[in-house]
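Accompanying notes for the structure given below.
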């Protein structure tokens, strides 16, 4: 037998590539944090992944040199589906440290896991330019962030926001420090000085809950990106009955290179008033790869949803992108967005199992709310179906599913049996059913007359 060395080498290379890259497909908990912190710096950590149990402060432990427990005060909160932690490192000795998550269940490789999660980090001898407090904000009203100069010289801190739209969404209309308006979005601190940077939300009219913004405070040597969750309470009268949202709020799409894919999302009017003239736009990073089935919505009635088809076209090379779709009610500062993670893989990398089919959930209502039923395993709906938040909803009755494979085998064997029966009947009639004539040899001997 001839051995194809080229094929063997190809298989070996593919196997090695899969061993290297497959861990990235495993859905586990990741800790987004720096490996090194300067002395006095505010440590900030984001926990991403699927937790079965809510992450609590008692699940988080800090150690020095792997074994020595370190008391470290910190604050923890959940914003959307991610957890954020911040802690001041002022007074902490330089050295090697680790953070460990214990007694917490999470999803890894599709299974529930309870193994400890550990991440190492180092506190350096060098002094940070400045520290901040707090490291995240959940705001309903005006708030401030304190900045402390840790250097022996004057420093300037720049202030920036994540405004990516041509027209600002309306957050942080103006800000001021110690009652003095900030010039050029920057503040100056003398050695040891602490300043409060105030953020004004009074003029914001966006009534979308759980809106996330980011404030960036930076010098030439250090930058903090502070997540801000804004829940607006001072909603004008004309907006109190108007509200809409995307469902889901975020999606992840994995595609082969040079391929096409489709996803379904919904824009749901969860307010009391009908909405008119909603515009949809795509962030610049996703524009070459995404087309929407709708870019304008003339009317969206109260308590109704609009089904949107997202058509993706992948690039010709391996890359990872982040972006969003923004929906705005024209004439009002009312908007919502859906975040999108988009990844293009080489053709021979298997896609994650949950990307084999197109998700089409009617997320806005459950099956019970639309007066239907979810058919159990081995049952199918004998009438009309409709997507629901908890699965495909049957609006008729569920009936026992017939295994077409077994039915085909049964019919096949029945046909074989009928053929055998027909052949037996034919041969019996032709050969066994005719009476054998007796031969009169005496008559034959006399001859014919």
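Of the residues making up the range 76-115, those that are surrounded by fewer than 19 Cβ atoms within 10 Å (Cβ to Cβ) and within 30 Å of residue 139 (Cβ to Cβ) are 76, 77, 78, 79, 80, 81, 82, 90, 91. Among the residues of the range 51-75, those that are exposed (fewer than 14 other Cβ atoms within 10 Å of the Cβ) and under 24 Å from residue 230 (Cα atoms) comprise 54, 56, 57. With respect to the conditions (1) modelled with pLDDT of 80 or more; (2) under 29 Å from residue 161 (Cβ atoms); (3) assigned to a loop (DSSP other than H, G, I, E, B), residue 315 falls short on a single one, namely (2).
Taken as a whole, the structure places residue 104 among residues that are within 24 Å of the chain's Cα centre (by Cα) and outside any strand (DSSP E or B). Within the range 210-220, is even one residue under 27 Å from the mean Cα position of the chain (by Cα), modelled with pLDDT under 85 and in a loop (DSSP other than H, G, I, E, B)? Yes - at least one qualifying residue is present in the range 210-220.
Of the strands (runs of 3 or more DSSP E) lying entirely inside the range 147-206, the ones with 1 or more residues being farther than 30 Å from residue 287 by Cα, under 34 Å from the mean Cα position of the chain (by Cα) and modelled with pLDDT of 75 or more are found at 155-161, 194-199. Test of understanding: among 250, 276, 241, which residue is under 30 Å from residue 140 (Cβ atoms), under 17 Å from the mean Cα position of the chain (by Cα), touching a residue at least 12 places away in the same chain (Cβ under 8 Å) and surrounded by fewer than 19 Cβ atoms within 10 Å (Cβ to Cβ)? Unique residue meeting the criteria: 250. Take the range 116-133 and flag every residue that is crowded, with 18+ Cβ neighbours inside 10 Å and not in a strand (DSSP E or B). Within the range 116-133, 128, 129 qualify.
Looking for whichever is in contact with a strand residue (DSSP E or B) (Cβ under 6 Å, 6 or more places away or on another chain), at negative phi and free of Cβ contacts under 8 Å to residues at least 40 places away in the same chain here; the options are 330, 269. Which one fits?
269
The values are calculated or read from the model by the stated rules, or taken from the named source; none is laboratory data. If you're wondering where the values come from, they're calculated on a predicted model, not measured in any experiment. All Cβ positions, even for glycine, are placed from backbone atoms using ideal geometry, and neighbour counts span all protein chains on display.
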